[in-house]
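What follows is a single structure, written as structure tokens, with notes after it.
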Amino acid sequence: MSPQHFEDRASHLPAKDRPLYFIINPAASNGKARTAWDELQQYLHQQDIPYWFAISEDEDNLTALAKKAAETPGAVVAGVGGDGTMSLIATAIYGTDAVLGIIPAGTGNDFARTFSIPANPVQACRSLLDGNIVPLDLGRLNGKLFYNVVGAGLDAEVVADANRLFKKVSGSLGYMLALVKQLVFYRPHRFHITVDGKHTELDAWLVSVANAQYYGSGMRVAPEADPQDGYADVVIVGKLHRLQFMRLFPLVYQGKHVKHPAVQVLRGKQIAVKCAKPLHVHADGELIGKTPLKVEMCHHAISIKVPAAENEKISPAV
Ligand SMILES: Nc1ncnc2c1ncn2[C@@H]1O[C@H](COP(=O)(O)OP(=O)(O)OP(=O)(O)O)[C@@H](O)[C@H]1O
């Protein structure tokens, strides 16, 4: 069967129980998502797998395409892109019975790491086709849904600097320069944090509210976070001398930073974070405003298709 564009959708549906829709963000990973899609299309043709697809024009169009695909009962709506792409699809299908699918083709692809979704597009597609449908929590940050990690502190200031000062430097290098700048100049701030009614006040480098485990291209900020348990892990990196912080920093890639006595991990469903000086807030890799931030977790908000072998222990969606 030949693939069809969304706009050409005929009244009949592909003969599969769950129709498969791909939405490709051509800008993801500086345009490399298109190459991933070419490879994937070849595979789909070889296997004679029926599917629908659309290439998004911008963020609003991507959201509209995901909503349109989700109108088909039981649709699997798979993004071909990075975390920004998947976050838009996850929030667009909220309230429908559509299932999120992930073909990692972005720069960081951090959310995919929590579920061990393969980085190769064809392997990711195979595990999408053979995968299990499981429930997924979302969070609501100041009223807007997110699916991965939000927070404030040094990490959000790095994103702000990368967007503002190093915009012309491409991709990861801009973030590296911004990180170096913040490692030299950032000072811990006084945070007021409330987790399910329990109040904490302390000086901290950053506060992350995590549904899943990874952000920032492979940093395992919340190694115990489970995006199916209804809770967010609140990771607080408390006051440390600059050199101590720099020594701690590399440990985040293995998630070992949480063992440091200056790092606390709280868990809750309703989280509020205030700071005397308003700081930038990031959500799923984008800046969305400034503190205060308020998060409310939405348990089993949507469904996601994940590789079967890695997630046998995870309960299927009902
Ligand atoms: N045609 C388009 N459709 C959708 N989004 C687009 C488009 N053109 C530009 N964008 C922008 O692409 C950005 C990047 O997308 P995405 O986050 O999926 O990729 P990435 O940044 O390479 O990966 P990651 O977030 O995993 O590091 C989005 O923030 C969005 O604003």
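The values are calculated or read from the model by the stated rules, or taken from the named source; none is laboratory data. What you see is a predicted model, and the numbers here were worked out from it, not measured in a lab. No Cβ is skipped: glycine too gets one built from the backbone with ideal geometry, and neighbour counts run over all protein chains shown.
Observations, loosely collected:
- Within the range 63-80, the only residue that satisfies the criterion of being touching a residue at least 60 places away in the same chain (Cβ under 8 Å) and surrounded by fewer than 24 Cβ atoms within 10 Å (Cβ to Cβ) is Lys68.
- Any hit, the range 231-239, residues being more than 16 Å from the ligand (Cβ to nearest atom) and either over 16 Å from Leu266 (Cβ atoms) or of a type in the set (Asp, Glu) (or both): yes
- Residues (of a type in the set (S, T, N, Q) and either over 30 Å from Leu173 (Cβ atoms) or in contact (Cβ under 8 Å) with a residue 24 or more places away in the chain (or both)) located in the range 104-138: Thr107, Asn109, Thr114, Ser116, Ser127, Asn132
- Summed over the range 81-108, the residues that are within 6 Å of the ligand (Cβ to nearest atom) and surrounded by 24 or more Cβ atoms within 10 Å (Cβ to Cβ) give a count of 5.
- Leu145 surrounded by fewer than 22 Cβ atoms within 10 Å (Cβ to Cβ), over 25 Å from Gly238 (Cα atoms) and in contact with a Phe, Trp or Tyr (Cβ under 9 Å, 6 or more places away or on another chain): yes
- The set of residues from the range 70-80 being in contact with a helix residue (DSSP H, G or I) (Cβ under 9 Å, 6 or more places away or on another chain) and either within 10 Å of the ligand (Cβ to nearest atom) or not in a strand (DSSP E or B) (or both) comprises Ala70, Ala75, Gly79, Val80.
- Scanning the range 171-197 for residues that are more than 23 Å from Ala272 (Cβ to Cβ) and more than 16 Å from the ligand (Cβ to nearest atom) yields Leu177, Val180, Lys181, Gln182, Leu183, Val184, Phe185.
- Of the residues making up the range 193-212, those that are part of a loop (DSSP other than H, G, I, E, B) and either out of contact with any Pro (no Cβ under 6 Å at 6 or more places or on another chain) or not assigned by TED's automatic domain parsing to the domain that holds Ala262 (or both) number 2.
- Sole residue being exposed (fewer than 14 other Cβ atoms within 10 Å of the Cβ), acidic (Asp, Glu), in a loop (DSSP other than H, G, I, E, B) and modelled with pLDDT of 90 or more, chosen from Asp38, Asp48, Asp60: Asp48
- Checked against (1) more than 16 Å from the ligand (Cβ to nearest atom); (2) buried (at least 17 other Cβ atoms within 10 Å of the Cβ); (3) assigned to a helix (DSSP H, G or I); (4) not hydrophobic (A, V, I, L, M, F, W, C), Gln123 meets all criteria but (2).
- Per-region count, the range 126-142, residues closer than 20 Å to Phe22 by Cα and surrounded by 21 or more Cβ atoms within 10 Å (Cβ to Cβ): 4
- Scanning the range 118-172 for residues that are under 28 Å from His189 (Cβ atoms) and among the polar types (S, T, N, Q) yields Asn142, Asn148, Asn163, Ser172.
- Val195, sole failed condition from (1) surrounded by fewer than 17 Cβ atoms within 10 Å (Cβ to Cβ); (2) farther than 30 Å from Asn30 by Cβ: (1)
Listed here are the residues, each with its yes/no results for (1) in contact with a Leu (Cβ under 8 Å, 6 or more places away or on another chain); (2) modelled with pLDDT under 95; (3) among the hydrophobic types (A, V, I, L, M, F, W, C); (4) not assigned by TED's automatic domain parsing to the domain that holds Val150.
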| residue | (1), (2), (3), (4) |
| --- | --- |
| Ala225 | no, no, yes, no |
| Ala232 | no, no, yes, no |
| Gly268 | no, no, no, no |
| Thr291 | yes, no, no, no |
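- Flag if Val237 is in contact with a helix residue (DSSP H, G or I) (Cβ under 8 Å, 6 or more places away or on another chain) and assigned to a strand (DSSP E or B): yes
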